[in-house]
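Trainee: Take a look at the following structure, please.
Computed from the coordinates by the stated procedures, all read-outs in this text should not be read as laboratory data. Quick caveat: nothing in here was measured; it's all calculated off a predicted structure. Methodologically, a virtual Cβ is constructed for each residue, glycine included, from the backbone with ideal geometry; neighbour enumeration extends over all protein chains shown.
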Amino acid sequence: MILLLWAFNANLIAMHRCWTVAFLSLLLARLLPSAEIPQGAHLLLRMVNSVNTRSAQEGDYVYLHTASPIVVNGQIVVPVGSYVQGVISRTKRSGRVTGRAELGIRLETLTLASGQTLKFAPHLNSVDGGDSEQSVDKRESMIQQKGEKLHDAGRIAILAGTGASIGGIADRSFQGAGIGAGAGSVVGLATVLLSRGKEVELRQGTTLDVVFDRPVAIE
């Protein structure tokens, strides 16, 4: 009987301790202020996988890590290495005659080291394209490849000049040079029409700067 009473009291004490810990945890959670990522905050992201307009399709996943922290009131609320996931929202290949490549990315979730997952939707601000001449249309949050009209015109001119030189040498006359130039222009135009321009390509390690359009609370 004494042993039963002792066991019963021990269980009551253990339950009381559990309730006390739970109550204190809830009280501290309410008393401690929750952090908030402010509107307008910048965040640098680094690509984990590679995507390009040559093979990407709408709905494909994009994986990134944070390459810079977010600090609020002297406290790091988003550490470097946090996990970011998004999807391809739009993809357009570069055209053969007109139209440049475009790639849209919609960021959806930010997962912190604690395991907390936040839904967010920042817009693209800039991309480190290196020598790829890629830029961001901030209004559409779209990455675009630079147009190649001048490059195409240059290719046609080079081939026309080469054709003129060959025609002039073969015929030893201005008429031969003219025929050669015409043939070179045709070849150059055909080359431009049959080939596409540069595609948008985000390789592994490429960095993107994004901006928060609205505050995001962190509990």
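Trainee: Mind listing the phi-derived Karplus ³J(HN,Hα) values for region 136-144, rounded to whole Hz, using 6.51, -1.76 and 1.60 with θ = phi - 60°, and x for any glycine or proline?
Mentor: Once θ is set to phi - 60°, the couplings for region 136-144 become 10, 8, 5, 5, 9, 6, 10, 8, 10 Hz.
Trainee: If amide hydrogens are placed 1.01 Å from N in the peptide plane, which non-local residues have theirs closer than 5 Å to the one on LEU118?
Mentor: Answer set, sorted by chain and number: LEU110, THR111, LEU112.
Trainee: Would you mind checking which residues have amide H under 5 Å from VAL62's amide H? H placed 1.01 Å from N; only 5 or more apart, or other chain.
Mentor: GLY86, VAL87, ILE88
Trainee: List every residue whose amide H lies under 5 Å from the amide H of VAL78, counting only residues 5 or more places away in sequence or on a different chain, with H placed 1.01 Å from N in the peptide plane.
Mentor: ILE70
Trainee: Hey, another quick one. For a Förster distance of 30 Å, can you work out the FRET efficiency between the beta-carbons of ASN125 and GLU219, rounded to the nearest 0.05?
Mentor: It comes to 0.65.
Trainee: Oh, and also: In nm, to one decimal, how far is the modelled label at ASN73 from the one at GLU133, with both set 7 Å along Cα→Cβ?
Mentor: 4.9
Trainee: With labels modelled as points extended 7 Å from the Cα through the Cβ direction, what inter-label distance (nm, one decimal) is found for THR111 paired with ASN49?
Mentor: 1.3
Trainee: Please sort 53-62, 100-109 by packing, taking for each peptide the average over its residues of neighbouring beta carbons within 10 angstrom, highest first.
Mentor: Descending packing order for the listed peptides: 100-109, 53-62.
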